[in-house]
Amino acid sequence: MTTTLDLATTELREVNTTLQAAAKGKANEDFELTNPRGAHAVAVGLDGPISVTINGSTGYYCAGMNKEATITVKGSTGPGVAENMMSGVVTIEGDASQYAGATGHGGLLNIKGNASSRCGISMKGIDIVVHGNIGHMCAFMAQKGNLVVLGDAGDALGDSLYEARLFVRGSVKSLGADCVEKELRPEHIEILKDLLEKAGADAKPEEFKRYGSSRKLYNFNIDHAGEY
Amino acid sequence: MEKTPHTPPRDSYTFSNAANAEIRRAAATGIYDIRGGGTKRHLPHFDDLLFLGASMSRYPLEGYREKCDTSVTLGTRFAKKPIELKIPVTIAGMSFGALSGPAKEALGRGATMAGTSTTTGDGGMTEEERGHSEKLVYQYLPSRYGMNPDDLRRADAIEIVVGQGAKPGGGGMLLGQKITERVAGMRDLPVGIDQRSACRHPDWTGPDDLEIKILELREITNWEKPIYIKVGGARPYYDTALAVKAGADVVVLDGMQGGTAATQDVFIEHVGQPILACIRPAVQALQDLGMHRKVQLVVSGGIRNGADMAKALALGADAVSIGTAALIAIGEQDPKWGAEYAALGTTADAYDDWHEGKDPAGITTQDPELMKRVNPVEAARMLRNYLNVMTLECQTIARACGHNHVHNLEPEDLCALTMEAAAMAQIPLAGTNWYPGKPGF
Amino acid sequence: MCGIVGLFLKKDELRPQLGDMLTDMLITMTERGPDSAGIAIYGDETDGMVKITVQSDTPAEAFADLDAAVCAVVDAPVTIKVVDTHAVLTLPEAKAKEAIAVLEDKGLRIMGSGASMEIYKEVGLPKDVAARFGLRAMGGSHGIGHTRMATESAVTTMGAHPFSTADDQCLVHNGSLSNHNQMRRTLAKKGVFTRSENDTEVGAAYISSRIADGATLGEALEGTIEDLDGFFTFVTGTKNGFGVVRDPIACKPAIMAETEDYVAFASEYRAFADLPGIDNARVWEPEPATVYFWER
């Protein structure tokens, strides 16, 4: 059964309360949201295996802190989509603005279009697949998880990176401090294969290059002071 | 035989022993000095203000008999569940990681016994802390270490940290020595690395974006939790006004005396304003917006006793917050560890290498042996005692000024001892009705 | 800290709807800037004539017979259109300097001047500001609007955006400049003066001064990336076009939409929700340190 909630006639508070209650009840319900018209904080804080489809574009922090829920945006999203996501799947059919998946701890963020700057900033275990291109400063201080980009990456990819893995199929405009290209080993092919399949991406793992931390900034060293 | 008179050795004031030692240290190591604690320089402070007391024109209240209330409610603007405290002094945010588990537990237990709240820090919420704190404020920091919606919901309030007094404009630091397996696990970091926290939040910049971030946090927590915004003492008028405009329930203002787990000494000593200079502009901003007492103001940075507390309240704050003082109350820098502090090349009172994780008192450390020195139950009792003393002292002063609630203390109850304090706090110099910058002079 | 909207029409038949479209966009940005709001609208122009927009807190007295008073001094035909606290005086271009001197002498605040540009800005909520000026009914080729959450300078009419520092040029800004005081002094040495303490006005004056020195608008905007410090998204209008630039860090939000009919700019997508054909528009975010410019 699908319940439709119209954001043009229903207050955001009521929409989120309804979704949060359904998720908490682990009801496996389906919801459809109409007329988001760029509204902020839509479908945030869900904690349970419900499915939400948003027909249109959203504003800031759509699907923020998601747990277990499957959220699909049939449109584009504003800054900070799926920020601090814990688990579940968030799919964006259009483009994502800056900070997509910021500080995410888990789950899959699947962006069918492009993501702009700071995608995966400070990510802590989330998997992000971007079918298009990504902007500058993506995966800044990224700690854990995988960022897969089928298109090109902008400037300063992976600056001050920790242990997150970055896979880019296209070109990389520039690498950030301490980020280097690394060998694509069989275990990485496996990770990629799995993520590409989950994301429904038409690409071969072997086409990607892997980037990661050279770990030179892990402990202060005066000879690398210029990179701080 | 007469000796030719010689000029005795004369030390340079500019190139003092300390300045020269720092030059040599920098030359030898190539890295700026990193340390914990707060500023050590002399600053105009609450000591430079005095209460007038009541005599003929005002009547004092009887100590112990006539009521002098100390309760305060934080978060009355938008939150469905404001925080009610018995005393207007809270425990400031300090991270698990910077502090040991037993120290965090002691703070939680002690604050709860005294009827007030404690605060998490950069590094997430621990069971020690949640379990032993009746009221726990969950810090929302740029790093978002350990951030998750479950802890957000089991917090009693959310404090969005924009800055702190020790380093307005800077991020946190936790050096490799303290990133143990448990700390690293909570922060999703490799063990033993230097953790450098960001200075800006990863997904918003500026008050216009912050307003939307606050909306998201309220939507996730059913509009129940008070949202605090913590800023370092930088531009207190604008920062307070913008926090209010962004939708804060409470503004936490931390002067430059506020401590820190670890940052550059140059930051601690040279960035930010003393809390004495911050309170009046912040209160002015609240008054200009018609929000004084509606959006509560909590101030911190060098609060040590009930007199400091009473003076902060008289200048217009709703509550104060303590960090360093709370640590000392539970045993930090105790002279009984003097020999061990000496072995580290320092003294108990001067110890500030909180970032090295070797604290003999077992508080600013992750060393399993050292942290055993903190007995959370005993330490909690000491914190409770100390908070009670502070409160009694504050009440004593409020009664002496004729007030039945500590919040009725007002700037007119004060005089200033120095021109600096008079100017910064806009309190008349003792014996005059004038302060520097007073309109009409 | 603020909300910005901008709309540049590619087709003349849409001109009557410009004010209506911009007003909805502006009101959507209220939360980003509840302190004041303003709009620069590029409307009708008459060959050889200049429009001077002035503001007064006591419009009834200040604007009474103002056209006659200016006419008497500049010795040329002057017409006046009073819109709430603002008035637009139209007079021969050659007499503009003289007229501005007279108006300033009378204590009126000069909002801006130009062949086609009119500027309306006041303290208050965007919807109230829009209503008092009747923004919905205004037509034109392009316009820029701004809602302000004041950071360091005062909440006043003069502190509201847009800022105009040269004929038909205006600028709005989201962010906070960190070297505006130094730049203000540098510009003052060159004889370029600002009227407020606002950081954005310095940005506007910088661009005008570069253009006065012979730079194109594109070059002047390029210059902001090098010479202005801090966080900024600028949207600027000229008689024939409008441009966008973001600082290299590019933290402040910015989104653009383009169809066959228009180019639109906003701080948030919400502002686009009512635009015709938005579902099929090309929507993208301007790159950092990159100048975008449209001209008629």
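The residues in segment C:124-157 that are surrounded by fewer than 20 Cβ atoms within 10 Å (Cβ to Cβ) and of a type outside the set (S, T, N, Q) can be counted, and the count is 13.
Answer yes if at least one residue in segment B:82-92 is among the aliphatic types (A, V, I, L, M), within 23 Å of B:Asn385 (Cα to Cα), crowded, with 17+ Cβ neighbours inside 10 Å and over 18 Å from the mean Cα position of the chain (by Cα), and no otherwise.
Within segment B:82-92, the subset among the aliphatic types (A, V, I, L, M) is B:83, B:85, B:87, B:89, B:91-92.
Narrowing further to those that are within 23 Å of B:Asn385 (Cα to Cα): B:83, B:85, B:87, B:89, B:91-92.
From what is left, the residues that are crowded, with 17+ Cβ neighbours inside 10 Å are B:83, B:85, B:87, B:89, B:91-92.
Within this subset, residues satisfying the condition of being over 18 Å from the mean Cα position of the chain (by Cα) are B:83.
The answer is yes; a qualifying residue exists.
Please work out if B:Ile268 is touching a residue at least 60 places away in the same chain (Cβ under 8 Å) and under 14 Å from the mean Cα position of the chain (by Cα). Yes, satisfied.
Could you please find all residues in segment A:1-52 being of a type in the set (D, E, K, R) and away from chain B (no Cβ under 14 Å)?
Looking only at segment A:1-52, we keep the residues that are of a type in the set (D, E, K, R), and these are A:6, A:11, A:13-14, A:24, A:26, A:29-30, A:32, A:37, A:47.
Listed by number, the residues that qualify are A:Asp6, A:Lys26, A:Glu29, A:Asp30, A:Glu32, A:Arg37.
Looking only at segment C:193-208, decide whether some residue is surrounded by fewer than 16 Cβ atoms within 10 Å (Cβ to Cβ), under 18 Å from the mean Cα position of the chain (by Cα), at pLDDT 95 or above and in a loop (DSSP other than H, G, I, E, B). No, segment C:193-208 contains no residue that is surrounded by fewer than 16 Cβ atoms within 10 Å (Cβ to Cβ), under 18 Å from the mean Cα position of the chain (by Cα), at pLDDT 95 or above and in a loop (DSSP other than H, G, I, E, B).
Within segment C:114-133, identify whether any single residue is of a type in the set (S, T, N, Q), within 15 Å of C:Thr53 (Cβ to Cβ) and touching a helix residue (DSSP H, G or I) at 6+ places or on another chain (Cβ under 9 Å), and answer yes or no. No; the residues of segment C:114-133 include none that is of a type in the set (S, T, N, Q), within 15 Å of C:Thr53 (Cβ to Cβ) and touching a helix residue (DSSP H, G or I) at 6+ places or on another chain (Cβ under 9 Å).
Among the residues of segment C:245-282, write down those that are part of a strand (DSSP E or B), within 11 Å of chain A (Cβ to nearest Cβ) and surrounded by fewer than 22 Cβ atoms within 10 Å (Cβ to Cβ). Steps first, answer last, please.
Of all residues in segment C:245-282, those part of a strand (DSSP E or B) come to C:245-246, C:255-258, C:262-266, C:282.
Keeping just the survivors that are within 11 Å of chain A (Cβ to nearest Cβ) gives C:246, C:255, C:257, C:266, C:282.
Those that are part of a strand (DSSP E or B), within 11 Å of chain A (Cβ to nearest Cβ) and surrounded by fewer than 22 Cβ atoms within 10 Å (Cβ to Cβ): C:Ala257, C:Arg282.
All conditions but one from (1) within 29 Å of B:Ala79 (Cβ to Cβ); (2) in contact (Cβ under 8 Å) with a residue 12 or more places away in the chain apply to B:Arg304; the one that does not is (1). The one condition from (1) outside any strand (DSSP E or B); (2) more than 9 Å from every other protein chain (Cβ to nearest Cβ) that A:Thr58 does not meet is (2). Meeting the requirement of 2 or more residues that are within 14 Å of chain A (Cβ to nearest Cβ), the strands (runs of 3 or more DSSP E) wholly within segment B:59-162 are B:136-140, B:157-161.
Inspect segment A:94-102 for any residue being surrounded by fewer than 22 Cβ atoms within 10 Å (Cβ to Cβ), within 13 Å of another protein chain (Cβ to nearest Cβ) and more than 18 Å from A:Ala164 (Cα to Cα) and give the result as yes or no. Yes, that holds for at least one residue. Of the listed requirements (1) at pLDDT 95 or above; (2) within 11 Å of chain A (Cβ to nearest Cβ), B:Thr205 misses just one: (1). Restricted to segment A:132-150, and to residues there that are assigned to a loop (DSSP other than H, G, I, E, B) and over 14 Å from A:Ala96 (Cα atoms), the residue that is farthest from the other protein chains (Cβ to nearest Cβ) is A:Leu150. Flag: B:Val320 matches the condition of being buried (at least 23 other Cβ atoms within 10 Å of the Cβ) and assigned to a strand (DSSP E or B). Among the residues of segment B:189-197, is any crowded, with 18+ Cβ neighbours inside 10 Å, part of a loop (DSSP other than H, G, I, E, B), within 13 Å of another protein chain (Cβ to nearest Cβ) and within 22 Å of the chain's Cα centre (by Cα)? The answer is yes, given that some residue of segment B:189-197 is crowded, with 18+ Cβ neighbours inside 10 Å, part of a loop (DSSP other than H, G, I, E, B), within 13 Å of another protein chain (Cβ to nearest Cβ) and within 22 Å of the chain's Cα centre (by Cα). Criterion applied to B:Leu387, B:Leu383 was being in a helix (DSSP H, G or I), surrounded by 20 or more Cβ atoms within 10 Å (Cβ to Cβ) and touching a Ser or Thr at 6+ places or on another chain (Cβ under 8 Å), and the one residue passing it is B:Leu387. Scoring B:Glu219 on the criteria (1) at the interface with another protein chain (Cβ under 10 Å from one of its Cβ atoms); (2) modelled with pLDDT under 90; (3) out of contact with any strand residue (DSSP E or B) (no Cβ under 9 Å at 6 or more places or on another chain) leaves a single failure, condition (2).
Of the residues making up segment C:10-67, those that are of a type in the set (Gly, Ala, Ser) and more than 30 Å from A:His40 (Cα to Cα) number 6. Among the residues of segment A:173-188, those identified as modelled with pLDDT of 95 or more and in contact with an Asp or Glu (Cβ under 7 Å, 6 or more places away or on another chain) are A:Lys173, A:Ser174, A:Gly176, A:Cys179.
Under the condition of being more than 10 Å from chain B (Cβ to nearest Cβ) and under 8 Å from the mean Cα position of the chain (by Cα), the residues counted in segment A:103-119 number 5. Counting only residues that are of a type outside the set (D, E, K, R), without any contact (Cβ under 8 Å) to a residue 40 or more places away in the chain, in a loop (DSSP other than H, G, I, E, B) and within 26 Å of B:Gln195 (Cα to Cα), segment A:106-131 holds 5 of them.
Any idea how many residues of segment A:6-25 are closer than 21 Å to B:Thr221 by Cβ, surrounded by fewer than 20 Cβ atoms within 10 Å (Cβ to Cβ) and at pLDDT 95 or above? Let's see the steps before the verdict.
The first filter runs over segment A:6-25 and keeps only residues closer than 21 Å to B:Thr221 by Cβ, leaving A:7, A:10-25.
In the following step, the residues that additionally are surrounded by fewer than 20 Cβ atoms within 10 Å (Cβ to Cβ) were identified as A:10-14, A:17-18, A:21, A:24-25.
Right, trim to at pLDDT 95 or above and you get A:10-14, A:17-18, A:21.
Qualifying residue count for the region: 8.
Restricted to segment B:222-243, and to residues there that are closer than 28 Å to A:Glu11 by Cβ and in contact with a helix residue (DSSP H, G or I) (Cβ under 6 Å, 6 or more places away or on another chain), the residue that is nearest to the other protein chains (Cβ to nearest Cβ) is B:Leu242.
Only residues that are closer than 24 Å to C:Leu228 by Cα and among the charged types (D, E, K, R) were counted in segment C:269-296, giving 2.
Only a single criterion out of (1) free of Cβ contacts under 8 Å to residues at least 24 places away in the same chain; (2) assigned to a strand (DSSP E or B) is not satisfied by C:Ala76, namely (2).
Going residue by residue through segment C:14-27, is there one that turns out to be farther than 22 Å from C:Glu285 by Cβ, of a type in the set (Lys, Arg), out of contact with any Cys (no Cβ under 8 Å at 6 or more places or on another chain) and outside the structural domain of C:Phe231 (by TED's automatic domain parsing)? Please lay out each step first, then the result.
In the first step, residues of segment C:14-27 are kept if they are farther than 22 Å from C:Glu285 by Cβ; the result is C:14-20, C:23, C:27.
Restricting the remaining residues to those that are of a type in the set (Lys, Arg) gives C:15.
Remaining after also requiring out of contact with any Cys (no Cβ under 8 Å at 6 or more places or on another chain): C:15.
Going one step further and asking which of them are outside the structural domain of C:Phe231 (by TED's automatic domain parsing), we end up with none.
No, that holds for no residue.
Evaluated against (1) buried (at least 24 other Cβ atoms within 10 Å of the Cβ); (2) within 7 Å of another protein chain (Cβ to nearest Cβ); (3) among the charged types (D, E, K, R), A:Asp127 falls short on exactly one condition, (2). Looking for something more than 14 Å from chain A (Cβ to nearest Cβ) and in contact with a Ser or Thr (Cβ under 7 Å, 6 or more places away or on another chain) - is there at least one such residue anywhere in segment B:43-50? Yes, segment B:43-50 has at least one match.
This table checks each residue for (1) closer than 30 Å to C:Pro248 by Cβ; (2) more than 14 Å from chain B (Cβ to nearest Cβ).
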| position | (1), (2) |
| --- | --- |
| C:Ala101 | no, yes |
| C:Tyr120 | no, yes |
| C:Phe163 | yes, yes |
| C:Asn198 | yes, no |
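The values are calculated or read from the model by the stated rules, or taken from the named source; none is laboratory data. None of these values were measured; they are calculated from a predicted model. Here the Cβ is made from the backbone with ideal geometry for all residues, glycine too, and neighbour counts use every protein chain on show.
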